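No lab work stands behind these numbers, since they all come straight from the coordinates. This one's a predicted model, so the numbers in the text were calculated from it and none came from an experiment. As a convention, Cβ positions derive from the backbone with ideal geometry for all residues, glycine included, and neighbour counts pool all protein chains shown.
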Amino acid sequence: MKKRITALILSFLLVFTMIPANAYSTEFSDMPDDWSTAALENAANNGLLSGYNGSLKPNSNLTRAEMAAVVNRAFGAFQTASLDSYTDVPNDSWFYDEMAKAVAMQTFTGNGDRLNPNSNITREEAFVVLFRAFNLSGGENNVLERFPDGNLVSDWAVEGISSLINAGYISGSGDRLNPKGYITRAEFAQVMDNLIKNYIKLPGTYTDDFNGNVMINAAGVTLKNLTVNGDLIIGDGVGDGEVILEDVTVTGRVLIRGGGENSIKMTENSNIDNIIDIRKNLQIADETGEKESDNKSDAIKSYGNEFEIGTYEEFETGIEFNDVKLSGEIGDGALILKKQNGEYPSHGEYISQIIDVPNFEYMVVSWNSDAPEGTYVEIQARVLVNHFDEDSQKVQTWTDWLSWGEWGPFIERCSYSTEDELAEISVDELMIKGSNGETGEKVQLKAILYSEDPSVTPTVRYLHGTLKNTLPDQYIEKKFGDNEDVSDLNKVVPTPRISQMQRDPIIASSICSPTSLTMMLNRMGEDLIPEEVAQNNYDFNYGFGNWAITMASAGSYGYKAYVDYTTVEGLKREIAKGYPVGVSVKYTNDPKNQDYPYIEGAPGTTGGHLFVVTGFESKNGVEYVIVNDPYAPENGTVERHYKLEQFKEAWSNRTAYIVHDKEKNAGFGHTKRVEAELRETETPGEYEVYYGTTNIDVANFGGNIIYTVDNGKTFSYFAEDEEGKNSLTFEPDVINNPDLTVYIVTDTGYVYVATAEASDR
């Protein structure tokens, strides 16, 4: 049954520029006269296929780059993604922009660091690309049983091919799918013709019915008093412009890929059964444009000692969006600044709904954000506190908004240690004040997004809170989503081993937290050194160990990361899933020391320390936790096996770093590595560092200067030059080593990297 939609306004985030309609000739010397003729003519006339010196080459196999270009043209794709992580797309190739658009559309994902643009595309690869582009729902897998070679379809392609078959867009060649075979230009033109029968590429009002799917790729289009017998696709080529549907019936889906904020409009007489906004930016509004409250998801709920806001639907439950809007393009949903007259404002605020939580004494809030240069974010919270008034009556009072400080890789980020009469944030942990059993029972979060550049916005894609109560009989139970038994876990997650004590002596004793995070991130596939991680999460008011900022730093690389008060079972569950965990401990290796918990085999004594739990094992009836302890004197001795019972005592605060997989379109706001060069001065062996034409002042900056001559196996460090020389002096065997790499690690976002090859000798 069709729904009657009243005054819908569909809102879409991304800004595009409309593709001009081009005229293509169908007069090709090799145009066939067969089953493919009509489809090839349509593909040429609509600009999907172009010829080679008057030849269409219908029987030639389609390459991956050519297919990317065809799909991009069909949708009018304009947004590009960075291709820095791919090694086989030259900047000067004809297909560079096309592959960048395809990656941005998420139709092409590549294989590791390769997109293979010049390779012929297989039929199953081509069908999966179309499945992604048209956001088709998965079909019944048993449909493949109709074909004798259906069992040859790769597992990753089953859903895509099944959906295309069920929708009637492909039927095989003869009685076969030939999934591993290549697809010709004629065959692909036919598939595209099945998928899109009608293209609207010019502005204007259209009143005639359409048979088959319709692609709108122009702004300023009005469909009026008509029926689309098929799907209606609002393509990327609409840009930021307007599409109006007046008394329109669509028998299939409305798939929204283009349009700006409040620019896709449907009148009350339109009949639509299925609206799909693949960007998750659909907003239902009344005539005034105000969002209807009944479109919101259920209230944010705590589970055990945690709560989170990390999806579009969860962010949508917020009660205030001041110059802030939601994007469905980042992670599972994210906050961004809302453009005004084509520019981002200087700041915007998001306030969550009030969240009911168990009574707690301590809380840590984590956030994952992309904050490119010129932007930063600030996270605040207020708490409803149970306490006693001056008449000793139990009352409830909201705290002031308390801040975790300003964060961003390119600013002097800092904690604020804010407080009022009821609660305080000490660096990273919010604590309820009082000695009479005072607790918090409700929480509200505020995210403030700042931009000093009207062309760029920060994001906030994840907010997480973890709670702890140490009062008698008020322990908050840790809850997990399943009943998995990990009590007898024997598993080690291979994790790089890095000693903080072998790093820059100026900071070595202080960087257990960033060194632990470096090990965790490199386990996930990064190639980082502890000094750059340290400077990325350095708190200018505290130092290197701020829990919340450390997880924000991990989040800046695109990962979902948060602080958690957890249990040994929680640690084991992370290890079982393949994730090492950072933990905050204090210990001594001296059994006579009564000030700290004793751990046999620990490398020393520390009143506050971070190391990485990598596994668990049992030997001779004794259970051990396996850790990478950066306090070890050298990399080769970092792995330690501590008795679990001793570890529990050292880990009394139960604080843990949790880092999970990367989220989509995230990780563009972390510390940048940029290519620099060494230029020899008039003094032999003395070099200045240049970034382009800029002379880097190595005598007066906050950070570290590091070099390696063996591809990172060992590192050497420059001590502060007492004479204040703006230069570095190398021994001949160092400067002439072809593997020399110098890192200039700043504390405000940049790591200048100079190699022997890139330097002017």
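Computing Rg and the Kirkwood Rh from the Cα coordinates of region 604-651 gives a ratio, Rg/Rh, of 0.97.
Taking 25 Å as the limit for the C-alpha separation, the pairs Lys478/Lys586; Lys101/Lys672; Lys433/Lys648; Lys325/Lys672; Lys446/Lys577; Lys572/Lys592 exceed it in the case of Lys433/Lys648; Lys325/Lys672; Lys446/Lys577; Lys572/Lys592.
Can you list the chymotrypsin sites (Phe, Trp or Tyr not before Pro) in region 38-109 that are in a DSSP coil and have 14 or fewer other beta carbons within 10 angstrom? Before the final figure, lay out each step's value.
Values: sites: Tyr52, Phe75, Phe78, Tyr86, Trp94, Phe95, Tyr96, Phe108; in loops: Phe78, Tyr86, Trp94, Phe95, Phe108.
Here the sparse-neighbourhood loop sites are Trp94.
Would you please name the trypsin sites (Lys or Arg not before Pro) within region 656-756 that are DSSP coil residues with at most 15 other C-beta atoms within 10 Å of their C-beta?
Details: sites: Lys662, Lys664, Lys672, Arg673, Arg679, Lys713, Lys725; in loops: Lys664, Lys713, Lys725.
Filter output for region 656-756: Lys664, Lys713, Lys725.
Region 57-107 and region 445-476 have Cα centres spaced 38 Å apart. Counting only DSSP beta bridges with both residues in the chain, the antiparallel share comes to about 75 percent. For region 672-755, the alpha carbon convex hull comes to 96 Å³ per residue, rounded to a whole number.
Taking the Kirkwood radius as the inverse of the mean 1/r across Cα pairs, report the Rg/Rh of region 491-662.
Values: Rg = 14.8 Å, Rh = 15.8 Å.
With Rh from the inverse mean 1/r over Cα pairs, Rg/Rh is 0.94.
Whole number please: convex hull volume per residue of the Cα set in region 37-195, in Å³? Intermediate values should be presented prior to the final figure.
Details: hull volume 17.4 nm³, N = 159.
Dividing the Cα hull volume of region 37-195 by its residues yields 109 Å³.
Applying the criteria of a DSSP loop state and at most 16 other Cβ atoms within 10 Å to the GluC sites (Glu not before Pro) of region 131-224 yields Glu140.
With 28 Å as the cut-off, how large is the P(r) tail for region 296-468, expressed as percent of Cα-Cα pairs? Intermediate values should be presented prior to the final figure.
Numbers: 3563 of 14878 pairs.
So the portion of pairs separated by more than 28 Å is 24 percent.
Take the Cα of Val622, step 7 Å toward its Cβ, do the same at Val492, and the gap between the two points is 1.7 nm.
Start at zero, step by 5 Å, and the Cα-Cα distances of region 206-277 spread as 4, 19, 30, 31, 14, 1 percent across the bins.
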